[in-house]
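Undergrad: Structure below; questions to follow.
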Amino acid sequence: MTQSKSLARLANISQHLQPDEALDKSEWKDVLQEVQKRKLLNRVADPNDRGYIRQKTSSKLWVRERIEKCVDEGSFREIGSIAGRTQYNNDGSMEDYVPANFVAGKATISKRDVILAADDFSIRGGHADGAVWGKSLYAEQLARKLRIPIVRLIDGSSGGGSVTLMLDKGATYLPPLIGMQDMIGSLSEIPVVSASLGPAVGLGAARATLTHFSVIPEDIGSLFAAGPPIVANATFENVSKQELGGPLVHTANGTIDNLAKNEQDCFHQIKQFLSYLPTNVFQLPPVDPTDDPSTRRDDRLLDIIPKRRQRPYQVRDVLCTVVDKGSWFEIGNRWGDGAVCALARMQGYPIGIISFDCTKTGSVLTAASCQKFRRHIDLCNTFGLPIVNFADYAGFAVGTKAEKEATIRYGSTLTAALYQSDVPYFSVILRKVFGVAGGAFVDNRSPNMRVAWPSGDWGSLPLEGGIYAAYRRELDAAGDKRNELYEQIMAKFEAVRSPIRTAELFDIPEIIDPRDTRAMLCEWVVMMYNHVLPERLAKVKAHGPRMFYRP
């Protein structure tokens, strides 16, 4: 905005200030009117401003429009409403005024308090030379102090570095990470969510990913440590924003949790995610009453898992049938090699869900799926959400690729997270439970609360591969009759493979009719909320959060 245009717009806005007889008589009239002028400059879009035009022609909402659509109507109360860069004449009158490119304030989402922090990319592209540092820091600290969620709407570098600052200062500087300690500290205390509604670069990328939940719209979002010009200079790669860090790139590698259709879908997903979590770790998750009966049974569950163990099935059909209708909210469904992580409700009570999509990697856990599971377990443990594990795990991935990806290292980290977690945990064994990986998912508590469907299949390793290992000499010596001998050996083992044999030894407490899963879980979840979680919460209040959240 040039000086002449700024002054003309200021004069035009001043003419439209509402008459106020009481104010006209006040000794503080001049000060209050100056405040009103600056608020109007900040809150009323200038259709002739180059930055605003760029924002709209890029099919992006202006920062104030985003705030209106993200929070409850009329609930936003701005903090730092007149912060900006002002130049004064010698007589003290305003010569020029440019609003800060960061908007923050308190609001409500679904009638619950939040702090909203939003970048204004239309002013200096979100760079530090258009920022007022204290606003971002204050927003982060205020959310933590008030113990309410913070929602970050990222568009630009979020006040990150700009080389022009060196000229302004007359020197370079050590890069400060103002507010980083509070951003990281908040992760173990309050829900932190973000939406990357444009290019999230540098510090903006860090703010977008240091969260419990992140979302990006497929039409306008992108994220990278540094943009295409810097990449071209550093690595000689000439790439577009979408090729470098577009939504499809980062929702496929786990940098960003969820893909959204557009900005409005981002706001909807943020509301959904927050609805499952408490306002802070010192409260229980909120209950949302439902008319979906806990005794609901679905006959489709009887045959949803094929008897032939090699045949796949759709695990999400199982999960969505069992939980409260309409409560399924999956996180990170585009990455993790088959790991399924979600939030849902049972009889209105929030829970975390972990399971595996057997159509991907044959229920074998890779390095990526281990990382995804670990992150979700940490989320549930941080906010006191009971975990329901729908088990179908064939073990950790093997082979040269798995070894190069350090699968066992990430698998061990996942195992540690399962054992360190102290929220209520229940396993419904759908099919496979093999090896260390399977054992970690169903044998990490004392006592282990677990049941099995009649399709349960378990052991130290899958029977098919185990027979080849245990009877290798006999099979190799069988020659043309190798397959015949294998089938004979397999028939012997099939007799003892039945889950009934395991239940007879009380190694699995119950084998249940799949149709009874919902009623059983609803009863368990309500019992946990009534008897176990309040005691756990008392310990958190007395001693603080047990462990730091690791994004």
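Undergrad: Among the chymotrypsin sites (Phe, Trp or Tyr not before Pro) within the range 375-445, which fall in a DSSP loop and have no more than 13 other Cβ atoms within 10 Å of their own Cβ?
TA: Qualifying residues, ordered by number: none.
Undergrad: Still on this structure: Keeping every protein chain present and rolling a 1.4 Å probe, give me the accessible area per residue for the chain in Å².
TA: I get 48 Å² per residue for this part.
Undergrad: Another question about this same structure. Which is the longest part of the chain that has none of the trypsin sites (Lys or Arg not before Pro) sitting in a DSSP loop with at most 12 other Cβ atoms within 10 Å?
TA: In short, 326-551.
Undergrad: What's the angle, to the nearest 10 degrees (0 to 90), between helix 367-383's Cα axis and the longest principal axis of the chain?
TA: Once rounded, the angle reads 70 degrees.
Undergrad: By what distance, in whole Å, do the Cα atoms of the chain stretch along each of the three principal axes, largest value first?
TA: 101, 56, 40
Undergrad: Next up: Run a plain Debye calculation on the range 180-328 (Cα atoms as equal point scatterers, no solvent) and give log10 I(q)/I(0) at q = 0.09, 0.10, 0.11, 0.14 Å⁻¹, rounded to two decimals, same order as the q list.
TA: Log-scaled intensity ratios, in q order: -0.44, -0.53, -0.62, -0.86.
Undergrad: Additional query: Of LYS271/LYS307; LYS39/LYS69; LYS60/LYS106, which sit over 31 Å apart, Cα to Cα?
TA: LYS271/LYS307
Undergrad: Probe radius 1.4 Å, ligands and nucleic acids left out: which of ASP91, ASP378 has the largest accessible area, and how do the rest follow?
TA: In descending accessible area the options line up as ASP91, ASP378.
Undergrad: A further question on this structure: Give the carbon-plus-sulfur fraction of the accessible surface of the chain in %, rounded to a whole number; probe 1.4 Å, heavy atoms of protein chains only.
TA: Within the chain, the accessible surface is 54 percent carbon and sulfur.
Undergrad: Using a cut-off of 12 Å between alpha-carbon atoms, which aspartates and glutamates can reach LYS135, once sequence neighbours fewer than 8 places away in the same chain are excluded?
TA: By straight Cα distance, LYS135 reaches GLU78, ASP119.
Undergrad: Rounded to the nearest 10 degrees, what's the angle between the helix 133-146 long axis and the longest principal axis of the chain, both from Cα atoms, 0 to 90?
TA: 50 degrees
Undergrad: Report the chymotrypsin sites (Phe, Trp or Tyr not before Pro) located in the range 265-305 that are in a DSSP loop and have at most 11 other Cβ atoms inside 10 Å of their Cβ, or state none.
TA: Passing both the DSSP loop test and the Cβ count: no residue.
Undergrad: A follow-up question, please. First check a/c for the range 396-465, with a ≥ b ≥ c the square roots of the eigenvalues of its C-alpha gyration tensor; if it is under 1.5, answer rounded, and if not, answer prolate when a/b is larger than b/c or oblate otherwise.
TA: Oblate, since a/c reaches 1.5 and b/c is not below a/b.
Undergrad: In whole angstrom, note down how far apart the Cα centers of the range 236-251 and the range 315-335 are.
TA: Here the answer is 30 Å between Cα centres.
Undergrad: What distance in nm separates the simple spin-label points at VAL287 and TYR471, each placed 7 Å from Cα in the Cβ direction?
TA: 5.5 nm
Undergrad: Okay, next question. As an exercise, identify the chymotrypsin sites (Phe, Trp or Tyr not before Pro) in the range 193-238 lying in DSSP coil whose Cβ has no more than 10 other Cβ atoms within 10 Å.
TA: PHE236
Undergrad: Extension gain GLU65-ASN90, at 0.36 nm per residue separation less the Cα-Cα distance, in nm?
TA: Working it through step by step, the gained length comes to 5.3 nm.
Undergrad: Please give every one of the aspartates and glutamates within straight-line cross-link reach of LYS241, meaning a C-alpha to C-alpha distance under 17 Å, and leave out same-chain neighbours fewer than 8 residues apart.
TA: ASP155, GLU218, ASP219
Undergrad: Then there is this: Using 0.36 nm per residue of separation minus the Cα-Cα distance, give me the extension gain between LEU146 and ASP422 in nm, one decimal.
TA: Extra length from LEU146 to ASP422 when fully extended: 96.8 nm.
Undergrad: Report the antiparallel proportion of the DSSP beta bridges in the chain as a percent, rounded to a multiple of 5.
TA: 40 percent
Undergrad: In the chain, which longest range has no GluC sites (Glu not before Pro) that are both DSSP loop (not H, G, I, E or B) and surrounded by at most 13 other Cβ atoms within 10 Å?
TA: So the longest stretch without any such site is 238-509.
Undergrad: Defining a contact as two alpha carbons under 8 Å apart and six or more residues distant in sequence, what relative contact order in percent does the chain show?
TA: 9 percent.
Undergrad: Right, something else. Does the range 345-496 come out rounded, prolate or oblate by the C-alpha gyration tensor, with a ≥ b ≥ c the root eigenvalues, rounded set by a/c under 1.5 and, if not, prolate when a/b is larger than b/c and oblate if not?
TA: prolate
The values are calculated or read from the model by the stated rules, or taken from the named source; none is laboratory data. This structure is a prediction, so every number in the text was calculated from the model and none was measured. Cβ: placed from backbone, ideal geometry, glycine included. Neighbour counts: every protein chain shown. What goes into the accessible areas is simple: the full protein's heavy atoms, side chains included, and nothing from ligands, DNA or RNA. Shrake-Rupley method; radii C 1.70, N 1.55, O 1.52, S 1.80 Å.
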